[in-house]
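These notes concern the structure reproduced below.
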Amino acid sequence: MTGDLTIGTLLESENAAPARLIASKMNRHTFWCGQSGSGKTYALGVALEQILLHTKLPLVILDPNSDFVRLGDIRDDAPAAEAAELATRDIRVRRSTVDAEHPLLVRYMSMPLRSRAAILQVDPLLDADDYNTMMHMETDLQLLPDHDLVGFMRSHPDRVRHQLAMRLENLGVADWKLWAWGERTVTDDIDDGADATVVDLGGFATPSESRAAALAVLDHLWENREQRVGRLIVIDEAHNLCTPEPVTPVEKLLTERIVQIAAEGRKYGLWLLLSTQRPSKVHPNALSQCDNLALMRMSSPRDLADLSQVFGYAPEWLLERSPAFTQGQALFAGGFVDQPSLVQMGARLTHEGGSDVKVPLR
């Protein structure tokens, strides 16, 4: 094992010289972007495989499109030595699909009060009675029976608890498949120190449930930050979780948490890798904290102009070449490369989880 991550070959180099990332510089936030069809997801998989092979850095992957659910499924044509090494890694996949063998579950009552209130759309000021009741019922919740939060709250004579029970039912939150109710959770896998924990967000019935799952994971990582266990938090399609203009209470908390990790997480070993097709749709306070850049084909003049302003370490003349990149080509700049480089990404060792829908032929 070496300190370099070989991800492909250098474009315009003699004899197709290998392109490498500096493994030790993954302790910085990274921004990974490219428009649809650029090969962004495939290329990111190449980098994540190399991190698994050559570092002990645990990965936590928030995966909204189920693109990384086969990260432990090694291809038949993978080189034997790398395949054997990768097969020893502890890669756990928590699925959000119905009847999954390893379902994506979290504990509602283990989430911070603010997050639980946001899920119920309870505002600390506008819904002061409801929020205050949630604050003061913490000790009673130790008596909560499995699977019956609504019944537990309705059994109490307090009128406000009955109102909270109605919120749980009216919003459908009580019926979400996300809640563990005594079963093993995705945060248990993270705490076990798995080499990679894939959090499949793509199979939930509603976006609200998916965002609540992401919030639970990020809350847990932040609340345990003092452990100072280095982790790479990969957020695919980051524009969905870290928008500049969040609307719902959960969206606002998600954006706030990601921006907080971007601003303060490095000293605790919480490093972000934000991947998106839409750089302009990611909150600027998260974007500006990224010291590493991977840019694939991007044709939008606005997005390229924004990237030029934010990532001053990426030469403008190389950024301008992005619209002409073919699939799998990328510009790497920042601390994780010796110098800004144009790269043709290499082959995957594992299978992609998602795939394009093919045009049916007659």
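Derivation of every value follows stated rules applied to the coordinates shown; laboratory data play no part. Treat the numbers as computed from the prediction; the structure is a model and nothing was measured. Please note: Cβ atoms are built from the backbone with ideal geometry, for glycine as well, and neighbour counts cover all protein chains shown.
For the stretch 265-356, averaging the sequence separation of C-alpha pairs within contact (under 8 Å, six or more residues apart) and dividing by the residue count gives a relative contact order of 25 percent.
Packing, as the average of other Cβ atoms within 10 Å across residues, places the peptides 169-182, 36-49 in the order 36-49, 169-182, highest first. For the stretch 266-281, 3J(HN,Hα) computed residue by residue from phi via the Karplus equation (6.51, -1.76, 1.60; θ = phi - 60°) reads 4, 5, 9, x, 9, 10, 8, 10, 9, 10, 7, 8, 10, x, 5, 9 Hz, glycine and proline entered as x. Here the Karplus relation 6.51 cos²θ - 1.76 cosθ + 1.60, evaluated at θ = phi - 60°, turns the backbone of the stretch 29-46 into coupling constants of 6, 10, 10, 10, 9, x, 6, 4, x, 7, x, 4, 5, 4, 5, 4, x, 4 Hz, with x for every Gly and Pro.
Full-extension gain between ASN27 and VAL359, please, as 0.36 nm times their residue separation minus the C-alpha to C-alpha distance.
Working: separation 332, 0.36 × 332 = 119.52 nm, distance 4.18 nm.
Taking ASN27 through VAL359 to full extension adds about 115.3 nm, to one decimal.
Here's how it looks for SER96: its modeled amide H is under 5 Å from those of LEU104, ASP200, GLY202, GLY203, which are all 5 or more places away or on a different chain. Roughly speaking, what is the centre-to-centre gap between the stretch 62-87 and the stretch 227-242 when only Cα atoms are used, to the nearest Å? About 20 Å separates the Cα centre of the stretch 62-87 from the one of the stretch 227-242. Taken along the Cα-to-beta-carbon direction at a fixed 7 Å, the label points for GLU85 and ARG154 span 5.8 nm.
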